[in-house]
Amino acid sequence: MTIQVGDKIPSVTLHHKTDAGVVEISTEDILNGKKVVLFALPGAFTPTCSAAHLPGYVVQADALKDKGIDRIVCLSVNDAFVMDAWGEQHNVEDRMMMIADGSAHFTQAVGLDLDLINRGMGIRSQRYAMIVNDGVVELLNIEAPMKFEVSDA
């Protein structure tokens with residue numbers, strides 16, 4: 001079942017590459033006590049994700065924070081090393097957290113997984129953006145398949 005506005009984000013362990021290496025980080029650590037924009041996409045280094053989705057959030061990061069967003073999180077079903085390299089390529093710096101959901105545990109827990117096995121990509125995330133306030137979904141914009149119209153920055 002797909003997560004809905006008003007639902008609490010499930011407790012899941014994700015991964016984040018820091019200067020100290022790859023660390024486990026829980027959804028609670030990322031979301032609790034904060035107003036967060038969390039956007040997810042099918043894959044790092046893929047065409048729409050690299051050309052428009054991530055760059056839009058990099059450009060709009062300060063404007064989002066000026067509107068009361070405490071943290072911006074980019075999530076994909078990739079490993080933490082890939083997410084870190086992708087963030088470096090796009091000059092993410094400290095504008096947002098590049099979070100890896102390598103085994104799609106979070107993506108499946110929120111019901112937003114996308115089966116791309118027949119395209120050689122495995123299980124991925126649907127493209128979406130949400131505002132999460134202290135762990136509870138306030139806004140959820142899920143893209144139609146192969147679209148990029150409602151989850152941009």
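The values are calculated or read from the model by the stated rules, or taken from the named source; none is laboratory data. Here the structure is a predicted model, which means the values were calculated and not measured. Methodologically, a virtual Cβ is constructed for each residue, glycine included, from the backbone with ideal geometry; neighbour enumeration extends over all protein chains shown. The protein model used for the area step is the full one, side chains on, heavy atoms only, and it has no ligands, DNA or RNA in it. Shrake-Rupley method; radii C 1.70, N 1.55, O 1.52, S 1.80 Å.
Residues in the stretch 10-20 include at least one that is part of a strand (DSSP E or B), open to solvent by 30 Å² or more (accessible area, probe 1.4 Å), of a type in the set (D, E, K, R) and in contact (Cβ under 8 Å) with a residue 40 or more places away in the chain.
Inside the stretch 38-95, residues that are of a type in the set (Val, Ile, Thr) and closer than 17 Å to residue 126 by Cβ make up a count of 4. Can you say whether residue 18 is within 20 Å of residue 95 (Cβ to Cβ) and polar (S, T, N, Q), as far as the supplied structure shows? Yes; evaluated as a whole, the condition is true for this residue. Taking the stretch 34-153 and the strands (runs of 3 or more DSSP E) fully enclosed by it, the elements with 2 or more residues that are in contact with a strand residue (DSSP E or B) (Cβ under 8 Å, 6 or more places away or on another chain) and open to solvent by 30 Å² or more (accessible area, probe 1.4 Å) are at 113-116, 122-125, 128-133, 136-142.
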